[in-house]
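Below: the structure, in structure tokens.
The values are calculated or read from the model by the stated rules, or taken from the named source; none is laboratory data. A quick note: this is a predicted structure, and the numbers were derived from the prediction, not measured. Don't worry about glycine lacking a Cβ; one is built from the backbone with ideal geometry, like all the others, and counts go over all protein chains shown. These area figures cover heavy atoms from the full protein model, side chains too; ligands, DNA and RNA do not enter into them. Shrake-Rupley method; radii C 1.70, N 1.55, O 1.52, S 1.80 Å.
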Amino acid sequence: MQQMEADEEKLYRKLEGIYQKEAAKLEKEIAAYYAEFGEDNIIEYRNLTRYLSDVDRRLLMEKMDDFAAKYPQYEHLMPVRESVYKLNELEAIQMQIYIQQMEIGAIERSELEDHLKEQARRGANLAAEEMGFGKEFYSYNAQIIIDTVGAAWAKAEHFSERIWANRQALADRLNDDFAKDIARGVAYDKVKRQLAETFEDVSSRNIKRLVFTEGTFAFNEAQARVHEEHFESYVVEPVKDQKVCEVCRDIHRQSEDKPFAFKDRAAGVNFPPLHPWCRCVYTVAVADWDAWIDGYVEKRGGDIVTVSEHMRELSSLESKSPAKAYDLKSKGSIESVRKRLKEAEEAILVDQKGNVQGI
């Protein structure tokens, strides 16, 4: 979690720099309109109701074409070219604001995808290491990482859909505010300042919420895709601080009484994140560790040495994991594992001199 939070801060700083540059571009666009259509830093609304000139129309189409060339996978986000012929001057600057928001959305999507791949890889490898599979078991291109980052969850939405929805909503707000300010005769300095503040504040707030919440999902979901192959159920574990909300607390109590099945997990419902800004995790639920060990070894085969190695891994889980991702629930279960480990070691073949062969 500390590593993820450090990654988040790094990503926030990078995106904040982009927002500041784009806000400055927006100010220049608005300044150009005031210079062309305004008088004494005021634009009369009627001056923006005339249709676009051929020159302005061509420039707007070029911006749309530039976007499509740079982001061909998002070309469908641009309006059809025929609609540009129907725009007036006010709608033209609103279209430019829209294009700018889509360009920022494309950058956010790329940056966030890379960030989530790292969190998913980290979560999957944490689970794999604690299962005894070794470190760095999964690469960025592993299918489990691809499937995790590509998964849709709350309201069946993928993280990229949330990005586009946020950008569309902000474009609508900026365009609405700009049109109202023009109609009210608001001066340039105030319009520029208000739009820039809205642009940066809303962008920052939206991306921080999205990065934080989606990171929680990627980290937990990647682990769950490893664990569900070996365990049946889990318990939701809220972060142990003063900020635990009632929703997370209630889900935790429910899962303690009756653990949820991995096959029935649903992020936002019974699996973290349970809400925006949620940083809950989970632990696997095992009623009988002795029976689980027997079943694990039986499924995978192996001699007494491999049995001993698996039990050694299980007995050290508590000390190996700072986050205690695997909760052995009680000292009794830990001692049980240790006892069985000792029995397995004693059962190793003894040579003719009677010396126990070490593991």
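Does any residue in segment 157-180 that is on the phi > 0 side of the Ramachandran plot and free of Cβ contacts under 8 Å to residues at least 60 places away in the same chain come within less than 6 Å, Cβ to Cβ, of a residue that is open to solvent by 20 Å² or more (accessible area, probe 1.4 Å) and part of a helix (DSSP H, G or I) six or more places away or on a different chain, and which pairs are these?
none
So how many residues does segment 1-43 have that are over 30 Å from N220 (Cβ atoms) and either hydrophobic (A, V, I, L, M, F, W, C) or in contact (Cβ under 8 Å) with a residue 12 or more places away in the chain (or both)?
Just the residues of segment 1-43 that are over 30 Å from N220 (Cβ atoms), to begin with: 20-43.
Within this subset, residues satisfying the condition of being either hydrophobic (A, V, I, L, M, F, W, C) or in contact (Cβ under 8 Å) with a residue 12 or more places away in the chain (or both) are 20, 22-27, 29-35, 37-38, 41-43.
Residues that pass the stated criteria total 19.
Can you name the condition, by its number, that A171 falls short on among (1) within 30 Å of T49 (Cβ to Cβ); (2) at pLDDT 95 or above; (3) open to solvent by 10 Å² or more (accessible area, probe 1.4 Å)?
Status for A171: all satisfied but (3).
Report yes if R57 is farther than 21 Å from G105 by Cα and without any contact (Cβ under 8 Å) to a residue 12 or more places away in the chain, otherwise no. Lay out the reasoning, then the answer.
Details: farther than 21 Å from G105 by Cα: yes; without any contact (Cβ under 8 Å) to a residue 12 or more places away in the chain: no.
Against the criterion (farther than 21 Å from G105 by Cα and without any contact (Cβ under 8 Å) to a residue 12 or more places away in the chain), R57 does not qualify.
Among the residues of segment 18-59, write down those that are open to solvent by less than 30 Å² (accessible area, probe 1.4 Å) and farther than 21 Å from E91 by Cβ.
Y19, A23 - these are the residues of segment 18-59 that are open to solvent by less than 30 Å² (accessible area, probe 1.4 Å) and farther than 21 Å from E91 by Cβ.
How many residues, within segment 103-124, are in contact (Cβ under 8 Å) with a residue 40 or more places away in the chain and either among the aliphatic types (A, V, I, L, M) or open to solvent by less than 20 Å² (accessible area, probe 1.4 Å) (or both)?
Within segment 103-124, residues that are in contact (Cβ under 8 Å) with a residue 40 or more places away in the chain and either among the aliphatic types (A, V, I, L, M) or open to solvent by less than 20 Å² (accessible area, probe 1.4 Å) (or both) number 11.
If I filter segment 222-235 down to residues being in contact with a strand residue (DSSP E or B) (Cβ under 7 Å, 6 or more places away or on another chain) and of a type outside the set (G, A, S), which single residue comes out as nearest to R265 (Cα to Cα)? Show your work before the answer.
Taking segment 222-235 first, the residues in contact with a strand residue (DSSP E or B) (Cβ under 7 Å, 6 or more places away or on another chain) are 227, 231-235.
From what's left, of a type outside the set (G, A, S): 227, 231-232, 234-235.
Numbers: H227: 12, F231: 13, E232: 11, Y234: 9, V235: 11 Å.
Checking each candidate, the answer is Y234.
For a quick check of your reading of the model, give me the residue pairs whose first member lies in segment 190-207 and is outside any helix (DSSP H, G or I), whose second is polar (S, T, N, Q) and open to solvent by 10 Å² or more (accessible area, probe 1.4 Å), with beta-carbon atoms closer than 6 Å and at least 6 apart or on different chains.
So the pair list comes out empty.
Looking only at residues in segment 215-261 that are assigned to a helix (DSSP H, G or I) and among the aliphatic types (A, V, I, L, M), which one is nearest to E5 (Cα to Cα)?
Taking segment 215-261 as the starting set, the residues that turn out to be assigned to a helix (DSSP H, G or I) are 215-227, 246-257.
Filter once more, so that each one left must be among the aliphatic types (A, V, I, L, M): 218, 222, 224, 226, 247, 251.
Numbers: A218: 13, A222: 17, A224: 20, V226: 23, V247: 23, I251: 24 Å.
Filtering first and then ranking leaves A218.
Select, from A151, A124, the only residue that is in contact with a His (Cβ under 8 Å, 6 or more places away or on another chain), modelled with pLDDT under 95 and of a type in the set (A, V, I, L, M). Show your work before the answer.
On the way: A124 fails: in contact with a His (Cβ under 8 Å, 6 or more places away or on another chain).
It is A151.
Looking at this structure, is A261 under 19 Å from N220 (Cα atoms), at pLDDT below 90 and among the small types (G, A, S)? So that I can check it myself, show each step before the final result.
Numbers: under 19 Å from N220 (Cα atoms): yes; at pLDDT below 90: no; among the small types (G, A, S): yes.
Criteria not met by A261.
Being of a type in the set (D, E, K, R) and crowded, with 20+ Cβ neighbours inside 10 Å is true for just one of E214, E232, E200, E228. Which residue is that?
Working: E232 fails: crowded, with 20+ Cβ neighbours inside 10 Å; E200 fails: crowded, with 20+ Cβ neighbours inside 10 Å; E228 fails: crowded, with 20+ Cβ neighbours inside 10 Å.
Going through E214, E232, E200, E228 in turn, just one is of a type in the set (D, E, K, R) and crowded, with 20+ Cβ neighbours inside 10 Å: E214.
Quick check on A154: is it open to solvent by 30 Å² or more (accessible area, probe 1.4 Å), touching a residue at least 40 places away in the same chain (Cβ under 8 Å), of a type in the set (G, A, S) and closer than 18 Å to A266 by Cα? Break it down stepwise before answering.
Details: open to solvent by 30 Å² or more (accessible area, probe 1.4 Å): yes; touching a residue at least 40 places away in the same chain (Cβ under 8 Å): yes; of a type in the set (G, A, S): yes; closer than 18 Å to A266 by Cα: yes.
Judged against the criteria, A154 is a match.
Looking at segment 236-269 only, could you name the residues that are open to solvent by 100 Å² or more (accessible area, probe 1.4 Å), more than 23 Å from V226 (Cα to Cα) and basic (K, R)?
Result: K240, K243, R253.
Kindly list, by first and then second residue, each pair from a residue in segment 60-85 that is closer than 21 Å to W164 by Cα to a residue that is of a type in the set (D, E), limited to pairs with Cβ atoms under 8 Å and residues at least 6 apart or on different chains.
Between residues of segment 60-85 that are closer than 21 Å to W164 by Cα and residues that are of a type in the set (D, E), the close pairs are F67/E75; F67/E103; A68/E75; K70/E103; Y71/E103.
Go through segment 142-157 and give me each residue that's in contact with a helix residue (DSSP H, G or I) (Cβ under 9 Å, 6 or more places away or on another chain) and not charged (D, E, K, R).
Passing the criteria: A142, I144, I145, I146, T148, V149, A151, A152, W153, A154.
Is it true that I163 is open to solvent by less than 50 Å² (accessible area, probe 1.4 Å), in a helix (DSSP H, G or I) and within 24 Å of A267 (Cα to Cα)?
Details: open to solvent by less than 50 Å² (accessible area, probe 1.4 Å): yes; in a helix (DSSP H, G or I): yes; within 24 Å of A267 (Cα to Cα): yes.
Here the answer is yes, as I163 does meet what is asked.
When residues of segment 131-148 are filtered for being open to solvent by 10 Å² or more (accessible area, probe 1.4 Å) and either hydrophobic (A, V, I, L, M, F, W, C) or in a helix (DSSP H, G or I) (or both), how many remain?
Qualifying residue count, segment 131-148: 8.
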